[in-house]
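Heads up: the structure comes next, in structure tokens.
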Amino acid sequence: MTVTADELFRRASTGLPCWIGRSDGTRDPLPTARWMGGEASSTEDRDADSRMISQCSGPTLDLGCGPGRLTEGLARRGISALGVDTSREAVDLTLNRGGHAVLRDLFDPLPNAGEWECVLLADGNIGIGGDPVRLLRRAAELIRPDGAVIAEVDSPGSDKVQAQTVRWETDTTVGDWFAWASVSATATAGLARAAGLTVVDIAPIHGRYFAYMRSAPVREQ
């Protein structure tokens with residue numbers, strides 16, 4: 001039996017464990033409690049989330065929003081926010097907790113492209129599709145000229161992107177393989193430059209790392 005993204009988020013919402021499996025046979029538990037947010041997550045993760053979204057002062061696009069904890073958190077702060085996800089279950093969970101979200105691939109046309117003050121790529125979503133530069137270029141297209149991209153990255157390490165083929169797994173099911181990438185804090189600046197962005201800061205918060213990026217200035221010829 002194959003596990004879909006919808007099934008994964010249904011399990012996450014009930015607290016059941018899920019894993020990310022790799023083509024080499026290894027796997028790690030997915031942070032489903034963090035994804036759900038609220039009382040399901042740790043005090044440290046709630047604080048890290050709060051400090052991340054405190055950097056968003058205007059309309060924010062949450063790419064790969066999952067169950068919508070950040071979209072909801074922004075709305076509670078009075079910030080206009082829209083979640084984007086390809087899972088119907090994730091979008092429904094976001095809507096049910098009072099956030100706004102659309103069922104869409106992030107590379108498809110999105111509302112108000114080029115006008116967002118901030119784009120979020122939380123929970124390692126900079127790795128979606130296995131091509132971080134392409135994803136950051138997409139994020140750069142979505143923000144306004146003075147906007148920002150905030151991406152959660154791995155701890156400092158290699159300056160190379162770790163491209164992976166992975167799948168979701170439960171205790172009884174597995175999903176289809178898909179492309180992913182892991183990006184360390186060390187590698188982020190080079191990827192940002194290739195995408196037309198500049199890393200302003202990388203903040204470690206409770207063992208998680210958040211890269212704050214802005215559009216790179218256009219050099220005069």
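Key figures
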| quantity | calculated |
| --- | --- |
| Scan of the range 118-148 for residues that are open to solvent by less than 10 Å² (accessible area, probe 1.4 Å) and either free of Cβ contacts under 8 Å to residues at least 40 places away in the same chain or out of contact with any Phe, Trp or Tyr (no Cβ under 8 Å at 6 or more places or on another chain) (or both), ordered by number | C118, V119, L120, L121, A122, I126, P132, L135, L136, A139 |
| Selected residue (criterion: farthest from N125 (Cα to Cα)) from residues of the range 176-221 that are of a type in the set (V, I, T) and open to solvent by less than 10 Å² (accessible area, probe 1.4 Å) | T188 |
| Residues (among the hydroxyl-bearing types (S, T, Y) and either out of contact with any Leu (no Cβ under 7 Å at 6 or more places or on another chain) or farther than 16 Å from R97 by Cα (or both)) located in the range 1-52 | T2, T4, T14, S23, T26, T32, S41, S42, T43, S50 |
| Complete set of residues in the range 159-175 that are touching a helix residue (DSSP H, G or I) at 6+ places or on another chain (Cβ under 7 Å), open to solvent by 70 Å² or more (accessible area, probe 1.4 Å) and not in a strand (DSSP E or B) | D159, K160 |
| First in the range 84-111 and modelled with pLDDT of 95 or more and open to solvent by 20 Å² or more (accessible area, probe 1.4 Å), second anywhere and part of a loop (DSSP other than H, G, I, E, B) and among the hydroxyl-bearing types (S, T, Y), Cβ under 8 Å, 6 or more apart | L103/T86; L103/S87; R104/T86; D105/T86 |
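The values are calculated or read from the model by the stated rules, or taken from the named source; none is laboratory data. No experiment lies behind these values; they were computed from the predicted model shown. Every residue, glycine as well, gets a Cβ built from its backbone with ideal geometry; the counts of neighbours run over all protein chains shown. Surface areas here come from the heavy atoms of the whole protein model, side chains and all, with no ligands, DNA or RNA. Shrake-Rupley method; radii C 1.70, N 1.55, O 1.52, S 1.80 Å.
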